[in-house]
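Accompanying notes for the structure given below.
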């Protein structure tokens, strides 16, 4: 890892001469810093990744423009990164709902408020019934049905034979059904 300003400056001179090995070394030494600058401005990793690539293309193309008497190399590169990130923000044109009236006709995927209330009530009842199960059996049922754990995986995890796990799941489901049936 490069430590000194002189090392980075020497790499920029070599990059200006189109030395790809120097460019790779420069990237390794400075990309984390520049990525941090870009990410702080854009706050979105996928966009910051693209902007970082564009910044290094610009550094490759403009390395000969670097003047060590005006700024340190990292300051020069950070300025390029910062400016490019702000350019990306400026590219985004704010839009209004009036610009797309068809968006008002899209049905919501959210459940109807009465359905949501009903779902919440059912979830509360299910939660209360799950609490009546033995803690280990409750965990087994949740692992099997929420995380898709197989009986074999549960057998290994809890140290009981597969047949026992199968029986516990069957009995626990019967207990839940009885609890939920009005």
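The values are calculated or read from the model by the stated rules, or taken from the named source; none is laboratory data. Worth saying up front: this structure is predicted, and the values here are computed from it rather than measured. Reconstructed Cβ throughout: ideal geometry from the backbone, glycine too, with neighbour counts over all protein chains shown.
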* Asked: How many of the residues making up segment 73-82 are exposed (fewer than 13 other Cβ atoms within 10 Å of the Cβ) and either within 15 Å of residue 11 (Cα to Cα) or within 26 Å of the chain's Cα centre (by Cα) (or both)?
  -> 1
* Looking only at helices (runs of 4 or more DSSP H) that fall completely inside segment 106-182, which ones have 3 or more residues that are out of contact with any helix residue (DSSP H, G or I) (no Cβ under 7 Å at 6 or more places or on another chain), loosely packed, with under 11 Cβ neighbours inside 10 Å and modelled with pLDDT of 90 or more? -> 162-180
* What tally of residues in segment 21-51 results from selecting those that are surrounded by 15 or more Cβ atoms within 10 Å (Cβ to Cβ) and over 16 Å from residue 91 (Cβ atoms)? -> 12
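Quick check on residue 58: is it modelled with pLDDT of 95 or more, out of contact with any strand residue (DSSP E or B) (no Cβ under 8 Å at 6 or more places or on another chain), surrounded by fewer than 19 Cβ atoms within 10 Å (Cβ to Cβ) and not in a helix (DSSP H, G or I)?
no
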